[in-house]
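Every number in this text was worked out from the coordinates using simple rules, so none of it is lab data. Everything numeric here is computed off the predicted structure, so don't read it as measured data. Methodologically, a virtual Cβ is constructed for each residue, glycine included, from the backbone with ideal geometry; neighbour enumeration extends over all protein chains shown.
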Amino acid sequence: MQLQVENIHTFYGRSHILFDVSLAVDKGESVCLLGRNGAGKSTTFRSIMGLTPPKSGIIRFKSETISGVRSYLIARKGVGYVPSGGRLFGDLTVDENLTVAKKSADSNHTLQKWTLENIYDLFPVLKKYAKKPSKKLSGGEQQMITIARALMGNPELLILDEPSTGLAPLVVKDVGERILKLRDEGLSILLAEQNVKFGISLCERSYVIDKGEIQFQGTCQELEENEEIVNTYLAV
């Protein structure tokens, strides 16, 4: 497995948020972590990235333990992270937001040497606004920038925290098509979603989390066929 999260427990202060959470992503695989708002999805991703390190359990990337490793070092090892809400440098242009995240490609672990040219091929709409401050772009365009910025780090694994949140249906479809293209090119993907239909349309396997505990794991088809899990943990 490329990413292994084993029995982690994560706290915010004295509040116990994640309970014995385990999940895995194989090389070239796409996996979704599904759950309602506040279920523990973002905390799981923050734990993986070292932003909120777990108090117990082990996280491995390519068999190397990354539990307790600083976030920027985890990124350098080949993990790209797109947090919920984007967090762009609003006054910087699209070009500047991307180049600030540029990393020299390492042929030992990089699937593709991402450049501005590659990025604009994947997100042609961004090329029109290359010299425009990112805060002037629409929400969907800003989401594309955040994904593109993570790609500029030449990741092997891309972690996306709720990429469809707040976007219009047509924009969600457009973002989804770009994620599918990345998956088809061999990039490993782990994404969190409240939008169940969107999540399972992009992934092969799924996990369902509720109140900080994994309640289901299996293929996306198995999840769709499990009405009890869907109605109990995912229905609005």
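Observations, loosely collected:
- Free-standing Cys residues across the chain, given no other cysteine C-beta under 4.7 angstrom: Cys220
- Charge dipole magnitude, Cβ of K and R +1, D and E -1 - the stretch 115-176, Cα centre, debye nearest 20: 440 debye
- Taking label positions 7 Å along the Cα-Cβ direction at both Lys135 and Thr65, the computed distance is 4.4 nm, reported to one decimal.
- For the stretch 3-234, the dipole from Cβ point charges (+1 on Lys and Arg, -1 on Asp and Glu) about the Cα centre works out to 1120 debye, to the nearest 20.
- Checking the Cα-Cα distances for Lys102/Lys136; Lys77/Lys181; Lys135/Lys173; Lys77/Lys102; Lys77/Lys136 against a 26 Å cut-off, the pairs over it are Lys77/Lys136.
- Degrees between helix 139-151 axis and first principal axis of the chain (Cα, 0 to 90, nearest 10): 90 degrees
- Dividing the helix sum by the residues of the chain, where each DSSP H run of 4 or more adds -39500 (n - 2.57), gives a mean residue ellipticity at 222 nm of -8500 deg cm²/dmol.
- Farthest towards the positive end of the charge dipole of the stretch 3-234, among the residues Thr165, Leu190, Met144, is the Cα of Met144, using unit charges on the Cβ of Lys, Arg, Asp and Glu.
- On full extension, the segment bounded by Glu117 and Leu92 gains 7.1 nm, given 0.36 nm per residue less the C-alpha separation.
- The chain: radius of gyration over Cα atoms, expressed as a fraction of 2.2 N^0.38 Å: 0.98
- The modelled label-to-label distance for the pair Ser84/Leu170, using points 7 Å beyond Cα in the direction of Cβ, is 2.7 nm.
- To the nearest ten degrees, helix 169-184 and the longest principal axis of the Cα atoms of the chain are 90 degrees apart.
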